[in-house]
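Only the coordinates and a few stated rules stand behind these numbers; no lab work does. What you are looking at is a predicted structure, and each value in this text was computed from that prediction instead of being measured. For neighbour counting, all protein chains shown are included, and Cβ atoms are generated from backbone atoms with ideal geometry for every residue, glycine included.
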Amino acid sequence: MTQVSTGSEADCMEETFHHCCQLLLQQSEQLRDGWSWESVQGSQVGYLKKTVLRSVDINLSSVWDQVGSSSDSGSHSVCHQQQQEKSALVASYDADSIKEDITDDDGGFCAVSKDSRKVLQYEYHILYSCSYSTPVLYFRAFTLEGRSLSLEEVWSSVHPNFRIRLQNSPLNTITQQEHPLLGQPFFMLHPCKTEEFMRPVLQLAQDQNRPVNYVLTWLSVPSLTQQPQAKLMLQFFASHSQVAVPMRKLKKCRAP
Amino acid sequence: MASDTSGAATSSVADLKLQFAPFSSALEAGFWHQLTQKKLNDYRLDESPKCIKGYYYNGDPVGLPTRLTLEFSAFDADGPTPAHCCPAIGTLYNTNTLDAFKTSDKKALLEKESKEIWDDIQSGAALKDPSILSRFILLTFADLKKYHFYYWFCFPALCFPEAIKIIQQPSVLEQVFSAKQIAALQEAYDDLAIKRETSAVPYFLMKYTDDTVQLAPLGDWDTFFTDTKKVTVGVYDPCTLSQHPGWPLRNLLILLAYQWGSKLDTVEVLCFRDRTLQGSRSIQHSLIFQVKLPELPNNSACPKSVGWEKNPKGAMGPRMVNLSECMDPKRLAESSVDLNLKLMRWRLVPSLDLDKVVSTKCLLLGAGTLGCNVARTLMGWGVRHITFVDNANISYSNPVRQPLYEFEDCLGGGKSKAMAAVDRLNKIFPGVISKGYNMSIPMPGHPVSFSPATQAQAQRDVEQLEKLISEHDVVFLLMDTRESRWLPTVIAGSKRKLVMNAALGFDTFVVMRHGLKQPPVSQNVSAGADSSPSCSSASSSSSTPAGSAPSVPASSLFSNIPGHKLGCYFCNDVVAPGDSTRDRTLDQQCTVSRPGLAMIAGALAVEMMVSILQHSEGGYAVASSSDDRMNEPPTSLGLVPHQIRGFLARFDNVLPASLAFDKCTACSPTSTNGRSEPQVAVWLVVSSIVNCWSTNVYEQGGGK
Ligand SMILES: [Zn+2]
């Protein structure tokens, strides 16, 4: 596994990452698929970001309980969850108990408002990891209230078929980590297999004398990024392989 | 979906009345983190209103609620707005107390904000920058002790005194416009955006013919429209309902009525919706309809306004979100630890039953080198209940070998090991449930004076030990004398608790599970069958000199010994426990061993416990031996040996198994018989200790 590389080599990889991101953003802007660059104030450091909303049909808590009792996390976690639910109930009672003289006197101007609790927001960040010399995906999912979901809840919002595929994938090691730039808790797809996966792809591109955008290619691997848009990203990549990062440069930078 | 039901209602009963879809507040997780930072570092006790920023988007797929979104950058009111989104200016009122949150005058806050909108309409400021029509109020209280956030959004909308009549029902644009007109509209909109140096235009004016579409900013009204009998205005519309415009149209219509109401006959409204799916952009699903605006009262008083958001139950009230799970560092530590363990299950050992491990209550008798290392390994496995019993204080030589203690703990005579270990565990992982007992474990053979006070103390200690063993699932014997292991072995045996025993020599160790007697009903049957003496093993004990090696029963390599027939630590003793600390040199007490040994043995004791817990029969599982190394393992984690005996000099471990000795001083029926009644047991044990001290009855009884 690539360890922290020193000096110009590391800088070069990071530069390549930024370059790839810029190209990706240009394409993304044309396609309006929502990737943006978020920079940390007063510095060059930053990350690609995308937020996706999805309606969720399922009742999260009941699915969660099934997951829990079926062996995933079991009694102590379920118990934990029940405590949380209980405290949430108590607390929401607290919020409800606040008496208001505001009336809903809108004279019928207001259309039926929708139940917003069944919508989840998924936030994806792509950062450059100096230790692994690869892009790394950070993600979290949260409700419209801004409450982040536990990994079990995230899993339960994933279609069962897809879940099995992901669990069987050798690339899906997820850990809970502090976002290195924001300091907030995120889930991270562990990058240790990235190099292993990317090598043949890059080799193929080089053999065909075809330029390749490392970040784009990386994004196109569904099991690496697990996005609902994985398919879109694949299309995206297929139609934009002219996005040129000289392969030799990338290769040179990657040599140990 | 709501669009259908409300659409039906509109066409049947109130088909001439325009209704708007209100905003739903949407907060990104980062918003609350940033509010917390602001409160702690900038606002502190300052409750004055703060300028913040949100945005809305007109490109959502059908089915998503109309949202006003605030992300962590909301506090940077001058910062950029996401591409293709419209900004909304907000006022944040963050109160210091829940009471202030409750009692703040919501009506007054709404009126104040509405008045500003009304002033901007009257002064013409809203014509120049119509984005100031979309404002919001956010009232918050952050309980940073519980990480509970109370909040209430308000999206102020000025109201007409009566309903807005629909002249022409909302239609999808592609039913009204030709493909050519739609293409022209899209181009004109993009041109206008470029001219305004933005990627989203909240409001605009519109003129069209069969082939052309012209757009202009709101402020160009007088030059753009020559005839105001029928005008068309465009609104960037975040709503996805097929019969209703979103909230931003409301204040625009008030502005139109105020500025040009008397001249306007019909207003045509384009709800501009602009989405990109699979890389292809479309605006043909935009809505278009015509309304007649009611007149505003002639005086210049601010119209009535509405806008406080309903809570999820549909009632007027605030919301609360509990973020302790993602903000409370202790909760974060717990979920990270759990997740790491689950990863092991997901990735490597799918059938691993983590709950059996995590929920196991462990009693550690001894908080020295072994106790410290056992505790750390248990924590690594996510075990929450860890109890220490030790009567020693921390001395200067301890911290380098006992990883729960530091130099500071040795000062002033040294802290109690049991107590200091608990403190350190809580520092390492606050989710642990740990208790310490600074008490000695009654031992046979140690000379004491037989004062009533001493006897009473001994009895209290025995009772306490018995109670502790009852309350736990696994008992770890980690003391540095063999005598102190005797009483816990007897009590734990009578209570059918799994006993994990670890003992060190200079460069050898033994880690073993004690045989687990069958439940009392079948006791007599098994007692008779257990009488075969254990064979001495060729492979093990011969290599180490007696005295420096831990005393272990001579082992056999018998295979297929079930858990209830396995021996205990004392089974092959030829002598009953005597006073091993008397008349011996330091290294004979086995307190000096190679420094790595305790870590190895402590870790193995825990790993062996975990493997046993994974076996369907637990402590009754047939013992694996070295011979089983090539066979299919009995658990997902591998073998469940009786003993692991390690020889550091050879860097070698062997896995012997041995039968229980029917006359064992600690585990034979004669030593556990009749102790199922707790009180009787206490008395028997106490009296046997007393007997032991004076008459060596056990040495005689056990050895004959
Ligand atoms: Zn025994």
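Residues of the stretch B:284-302 falling in the label zone of B:Ser178, defined by backbone nitrogen less than 19 Å from a point 7 Å along Cα to beta-carbon, are B:284-285.
In whole Å, what is the distance between the alpha-carbon centres of the stretch B:357-432 and the stretch B:195-270? Using only Cα atoms, the two centres lie 72 Å from each other. Using the structure shown, select from B:Lys102/B:Lys435; B:Lys146/B:Lys495; B:Lys107/B:Lys165 the pairs with a Cα to Cα distance greater than 32 angstrom. Exceeds cut-off: B:Lys102/B:Lys435; B:Lys146/B:Lys495.
Hey, any idea what Rg/Rh is for the stretch B:287-442, computing Rh the Kirkwood way over Cα pairs? My calculation puts Rg/Rh at 1.42. Taking the alpha carbon gyration tensor of the stretch B:317-409, multiplying each eigenvalue by 5 and rooting it gives semi-axes of 32, 20, 12 Å, largest first. Hull volume per residue, based on the alpha-carbon atoms of the stretch B:457-524 and their convex hull, is 101 Å³.
Please state, rounded to one decimal and in Å, the Kirkwood hydrodynamic radius that the stretch B:365-511 gives when every pair of distinct Cα atoms enters the mean of 1/r. That comes to 16.0 Å for the stretch B:365-511.
Can you grab the distance from the C-alpha centre of the stretch B:300-345 to the C-alpha centre of the stretch B:35-85, Å, no decimals? Computed from Cα coordinates, the inter-centre distance equals 15 Å. Within the straight-line cut-off of under 16 Å between alpha carbons, the lysines reachable from B:Lys342 are B:Lys356, sequence neighbours fewer than 8 places apart in one chain being disregarded. Measuring r between the beta carbons of B:Ser242 and B:Lys263 and using R0 = 25 Å, the FRET efficiency lands at 0.20.
For the stretch B:147-196, what percent of Cα pairs sit more than 12 Å apart?
Looking at the stretch B:147-196, the distances longer than 12 Å represent 80 percent of pairs.
Near B:Thr266: Cβ cut-off under 11 Å, other residues only, Lys/Arg at +1 and Asp/Glu at -1. The net charge is +2. Taking 0.36 nm per residue of separation and subtracting the Cα-Cα distance, full extension of the segment from B:Lys230 to B:Thr103 would add 41.0 nm.
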